[in-house]
Amino acid sequence: ISCKQLKKNAIKAENLAQKFKDLDKDSDCTSGEVACVQGEFAKCDNGKFVLTPCNGLDCVVLPLLKKKGTSVTCDTQADADTRIE
């Protein structure tokens, strides 16, 4: 993967994380969609987010390192910040 693509992934991760700040468990969503909602990992089921606690970690958006895109997962904020930088 090119440095240019890594940078695009990082920007996309930052933009998604910002978008997720406006979501709550009652936000509209599309089945199968994943997000961070109020600090928890969320997956959409029948138009509603189902929240899963991250158990001591944070829900973060990580830029993928080997291909185009991002990943929503439970991890440390420090790891997310390092990958985005």
Exercise. Name every cysteine in the chain that ends up alone, with no second cysteine's Cβ under 4.7 Å, or say none.
Key: 3
Practice problem: Mind giving me the FRET efficiency for residue 25 and residue 57? R0 is 25 Å, r the Cβ-Cβ distance, nearest 0.05 is fine. | Solution: 0.85
Quiz item: Across bins of 10 angstrom width beginning at 0, how are the C-alpha pair distances of segment 41-85 distributed, in whole percent?
Solution: 27, 45, 26, 3
Quiz prompt | Three semi-axes of the equivalent ellipsoid, segment 3-42, Cα gyration tensor, whole Å, largest first | solution = 23, 11, 8
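Laboratory data are not the source of any read-out in this text; all were calculated from the coordinates shown. It should be emphasised that the depicted structure is a prediction, and the values quoted were computed from it without experimental measurement. Backbone-built Cβ (ideal geometry, glycine too); neighbour counts: all protein chains shown.
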